[in-house]
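Chemist: Mind looking over this structure? Questions follow.
Nothing in this text is a laboratory measurement; each read-out follows from the coordinates by a stated rule. These numbers were taken from a predicted model, which means no experiment stands behind them. Heads up, the Cβs are rebuilt from the backbone with ideal geometry, glycines too, and the neighbour counts pull from every protein chain shown.
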């Protein structure tokens, strides 16, 4: 074979070898997992559907503007917090704390952040383009259960109610809210309601020539002399969040045919997740779940609660050391202590778990599900900041609201438990969401 022919044939041989590797006979593990994923409705293709569901390509120019706004204190009237203060790129655009710290912080984003705490841990913005509702008690929601569909409206607590339903996506509507939150960004000194706060934010934005130019690049009316309005702000923030979709984990690659994407331990853990362990019953993938590993419903999981020593929120209960969860929204005592199922993609990047960050190790959070009553009654705060360990709320009332799916303990052998942890930690992690990649996004 001459050199010229070898150069022509060698790439073909490599390609054929790769295809052969992809097409090799499935192992018993592969076949079992493939059946489970098919039955659960999991395809591994959700990320590729984003622009089709938006009905257009993502607008990188508008997303770049949204990125600057996301990191800028100009949108917080207290002048000391930004979206990124609680949604940190070093934690998968989630919280660096067990319970969020908003205004009056020390200017640090990370484990050394201090200041008065809010009531819950800040969830991630990654993949929220596919979430039908937002927040731990689902208080921001698409009534159609589709964040891309405003036909039935986007529902918010008063005073907004359904008034933001004209916006094209739930995230564009949700962006109206954080600047108005007193504990997160606005502070308590500025007088007026949500509308007055937003007017002041717009006054600040319109006073910055650089923002007038940037908004003008994306909105011709601003270039022609019109002021920046909050619809534009919301669309810019949402567009940035549309660029933060990281749903190409090993499980996705496996579902699309790459049997080598997952280790055997990850496959065994996935088989447990979708089978014997029953995790998928709440951490769902089909229908409104959009393969996000959450059913986006609220459940009682028996998570211990505590109230921070330094907080700017009045907690629930007689001792002001409880969080009533969904009841705060519904007013129904049956909804007490119920919180939305946390989506599990990229969960390995979180420094704490559940609505109040009661557990700081993924292994402990998973083990809690196996025997909720034993775990809750023997809970001791470990690895939490000192200010979160002094005021524990009562546990027995919480256990009265445990979801029926968790009432009976689940026995897993040590190897099974390790495999399940491996799948949740590694099999659901998109490497692009790691801190060393996301921190480059900061301006």
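Chemist: What distance in nm separates the two pseudo spin-label positions at residue 362 and residue 276, each 7 Å out from Cα along the beta-carbon direction?
Modeler: So the two model labels end up 2.1 nm from each other.
Chemist: While we're here: Report the relative contact order of the stretch 250-433, percent, no decimals, based on alpha-carbon pairs under 8 angstrom and at least 6 residues apart. Intermediate results must be reported in sequence, preceding the final value.
Modeler: Details: 291 pairs, mean separation 58.6, N = 184.
So the answer I get is 32 percent.
Chemist: Can you tell me the Rg and the Dmax, both Å, for the Cα atoms in the stretch 55-178?
Modeler: Cα radius of gyration and Dmax of the stretch 55-178 are 15.1, 44 Å respectively.
Chemist: With each label point set 7 Å from Cα along the Cα-Cβ vector, what nm distance links residue 199 and residue 111?
Modeler: Result for the modelled spin labels: 4.6 nm.
Chemist: Still on this structure, I have one more. Have a look at the DSSP beta bridges in the chain and tell me what percent are antiparallel, nearest 5.
Modeler: Working: 12 of 14 bridges.
Around 85 percent antiparallel, to the nearest 5.
Chemist: Could I ask something else about it? Determine how many Å³ per residue the convex hull of the Cα atoms of the chain encloses.
Modeler: Values: hull volume 76.9 nm³, N = 443.
It comes to 174 Å³ per residue, whole-number rounded.
Chemist: Test of understanding: in a Gaussian network model of the chain with alpha carbons linked when under 10 Å, which of 132, 178, 397 would top the mean-square fluctuation ranking?
Modeler: Comparing 132, 178, 397 in a Gaussian network model of the chain, the most mobile one is 397.
Chemist: Hey, another quick one. Which parts of the stretch 226-256 would a label at residue 52 reach, counting a residue when its backbone N lies under 16 Å from a point 7 Å out along Cα-to-Cβ?
Modeler: 256
Chemist: Can you tell me the relative contact order of the chain? Whole percent, Cα pairs under 8 Å, sequence separation 6 or more. Let's see the in-between values first.
Modeler: Details: 818 pairs, mean separation 90.0, N = 443.
Dividing the mean separation by the residue count of the chain yields 20 percent.
Chemist: Another question about this same structure. Distance between the C-alpha centers of the stretch 302-360 and the stretch 54-103? Whole Å please.
Modeler: 22 Å
Chemist: Given 0.36 nm per residue, what is the gain on full extension from residue 436 to residue 395 after removing their alpha carbon distance, in nm?
Modeler: On the way: separation 41, 0.36 × 41 = 14.76 nm, distance 3.86 nm.
Length gained, residue 436 through residue 395: 10.9 nm.
Chemist: Cα atoms only, the stretch 211-287: Rg and Dmax in Å?
Modeler: Radius of gyration, then largest Cα-Cα span, for the stretch 211-287: 21.7, 62 Å.
Chemist: Which FRET efficiency value, to the nearest 0.05, is calculated for residue 334 and residue 162 with the Förster distance at 30 angstrom and r the Cβ-Cβ distance? Please report the intermediate quantities before stating the final value.
Modeler: Details: r = 25 Å, r/R0 = 0.82.
Efficiency for this residue pair is about 0.75.
Chemist: In whole angstrom, note down how far apart the Cα centers of the stretch 203-250 and the stretch 251-278 are.
Modeler: Distance between centres, Cα-based: 40 Å.
Chemist: Something else: Over the Cα atoms of the stretch 386-443, what radius of gyration and what Dmax do you get, in Å?
Modeler: My reading of the Cα-based Rg and Dmax gives 18.7, 49 Å.
Chemist: Hey, another quick one. Residue 39 to residue 380: extension gain in nm, 0.36 nm per residue of separation minus the Cα-Cα distance?
Modeler: 118.9 nm
Chemist: Per DSSP helix of 4 or more residues, -39500 (n - 2.57); summed, then divided by the residues of the chain. What does that give at 222 nm, rounded to the nearest 500? Before the final figure, lay out the partial values.
Modeler: Working: 18 runs with 151 residues, N = 443.
Mean residue ellipticity at 222 nm (helix-derived): -9500 deg cm²/dmol.
Chemist: Right, something else. Calculate the translational D of the stretch 250-433 in whole µm² s⁻¹ from Stokes-Einstein, where the hydrodynamic radius comes from the Kirkwood formula applied to all Cα pairs, the temperature is 4 °C and the viscosity 1.567 mPa s. Kindly include the intermediate steps, with their values, before the conclusion.
Modeler: On the way: Rh = 17.4 Å.
Roughly 74 µm²/s, to the nearest whole number.
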